[in-house]
Amino acid sequence: MIGLVALLLGFTFALAVGRFETRRALVLQEANAIGTSYLRVQGLPEPHRTRMSQILVNYTNNRVELGTASPDKMAPLIVASDRLLVELWAGTLAATDTIGNSALASSLHSTVNEVIDMDSSRKAARKVRVPGEVFLALWLYIAVTAGMLGYARSETQGRMLAGILFLLFTMSYMLIIDIDRPAGGNIVESQGPMIELRETLKQQPPGTFDIWRKPVAAPAP
């Protein structure tokens, strides 16, 4: 019975950690997508460059807050995130009308689409959890195993050891639940890549990459 409980705990722990690693990888992928979009936006003419750059900065700030927010504060941040994505795509279409069907337009569409897709991926990854029936069955196995071990070891020392084993199993069980709750647990995916991106965007405002660009001549009246 102890071996069976340990096996079930191991499989459930591996499942929860695998999903945790997936959520952490998505943070890095989203930060890369936003950063690439920001760099490509710098090739747009004004006022599209400044507008799109600000939208991406605001979106990055929102993602950092959303990644560390408690469940009761997520709803307004999600609404703001969805609104910024609408503004981002609207800005992309407006910029495309200006630059036409160029290579920059094609690449910008690709990276902005990736940013939008990453939002859906991260939402889906946070909703996927270990089924509740698995946790219920695991808890029943732990309780029955502890009861049988305590009954088999009638002496005081034996029951004390059974209690310690039950406590260790329970701690492992609670750890798995914590890892499996991305929005309400203490163990959440690191927002390090997104925080680093936010600092990078602060240091690279629109115009940073214009040091060797030739000024565009104004159209004749």
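Please enumerate the residues belonging to the range 59-68 that are of a type outside the set (D, E, K, R) and either over 22 Å from ARG126 (Cα atoms) or in contact (Cβ under 8 Å) with a residue 60 or more places away in the chain (or both).
Selection gives THR60, ASN61, VAL64, GLY67, THR68.
Can you tell me which residues in the range 170-196 are outside any helix (DSSP H, G or I) and charged (D, E, K, R)?
Result: ARG181, GLU189.
How many residues are over 16 Å from LEU108 (Cα atoms) and open to solvent by less than 10 Å² (accessible area, probe 1.4 Å) when one looks only at the range 24-48?
1
Of the residues ARG51, ARG83, which single one is out of contact with any helix residue (DSSP H, G or I) (no Cβ under 9 Å at 6 or more places or on another chain) and open to solvent by 30 Å² or more (accessible area, probe 1.4 Å)?
Being out of contact with any helix residue (DSSP H, G or I) (no Cβ under 9 Å at 6 or more places or on another chain) and open to solvent by 30 Å² or more (accessible area, probe 1.4 Å) holds for just one of ARG51, ARG83, which is ARG83.
Check the range 182-197 and report whether any residue there is open to solvent by 80 Å² or more (accessible area, probe 1.4 Å) and either at positive phi or under 34 Å from the mean Cα position of the chain (by Cα) (or both).
Yes, the conditions are met somewhere in the range 182-197.
Just to verify a result, which residue in the range 86-134, among those that are touching a Gly at 6+ places or on another chain (Cβ under 9 Å) and open to solvent by 40 Å² or more (accessible area, probe 1.4 Å), is farthest from ASN32 (Cα to Cα)?
Residue satisfying both the conditions and the ranking: ILE99.
Residue-wise test of (1) under 14 Å from VAL112 (Cβ atoms); (2) among the aliphatic types (A, V, I, L, M).
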| residue | (1), (2) |
| --- | --- |
| LEU15 | no, yes |
| LEU28 | no, yes |
| PRO45 | no, no |
| THR50 | no, no |
| GLN54 | no, no |
| ASN58 | no, no |
| LEU77 | no, yes |
| LEU84 | yes, yes |
| LEU88 | yes, yes |
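Tally up the residues in the range 170-181 that are surrounded by 15 or more Cβ atoms within 10 Å (Cβ to Cβ) and of a type in the set (A, V, I, L, M, F, W, C), please.
Going through the range 170-181 one residue at a time, the tally reaches 4.
Could you tell me whether ALA162 is within 30 Å of PHE13 (Cβ to Cβ), within 22 Å of the chain's Cα centre (by Cα) and either of a type in the set (Lys, Arg) or assigned to a helix (DSSP H, G or I) (or both)?
So ALA162 does not fit the description; no.
Pairs only if they're at least six apart or on different chains, beta carbon under 9 angstrom, first in the range 23-43 and assigned to a loop (DSSP other than H, G, I, E, B), second among the aliphatic types (A, V, I, L, M) and surrounded by fewer than 21 Cβ atoms within 10 Å (Cβ to Cβ); list them, first residue then second.
Close Cβ pairs satisfying both conditions: GLY43/ILE99; GLY43/LEU104.
Return the total of residues in the range 65-96 being within 19 Å of the chain's Cα centre (by Cα) and assigned to a helix (DSSP H, G or I).
So the count comes out to 19.
In a helix (DSSP H, G or I), modelled with pLDDT of 85 or more and closer than 30 Å to PRO45 by Cα: is that true of ILE116 in this structure?
So ILE116 passes the test.
LEU167: open to solvent by 60 Å² or more (accessible area, probe 1.4 Å), modelled with pLDDT of 80 or more and outside any loop (DSSP other than H, G, I, E, B), yes or no?
Yes, satisfied.
The values are calculated or read from the model by the stated rules, or taken from the named source; none is laboratory data. Remember, it's a predicted structure, so these values are computed and weren't measured experimentally. No Cβ is skipped: glycine too gets one built from the backbone with ideal geometry, and neighbour counts run over all protein chains shown. We work out accessible area using only protein heavy atoms, side chains counted, and drop any ligands, DNA or RNA first. Shrake-Rupley method; radii C 1.70, N 1.55, O 1.52, S 1.80 Å.
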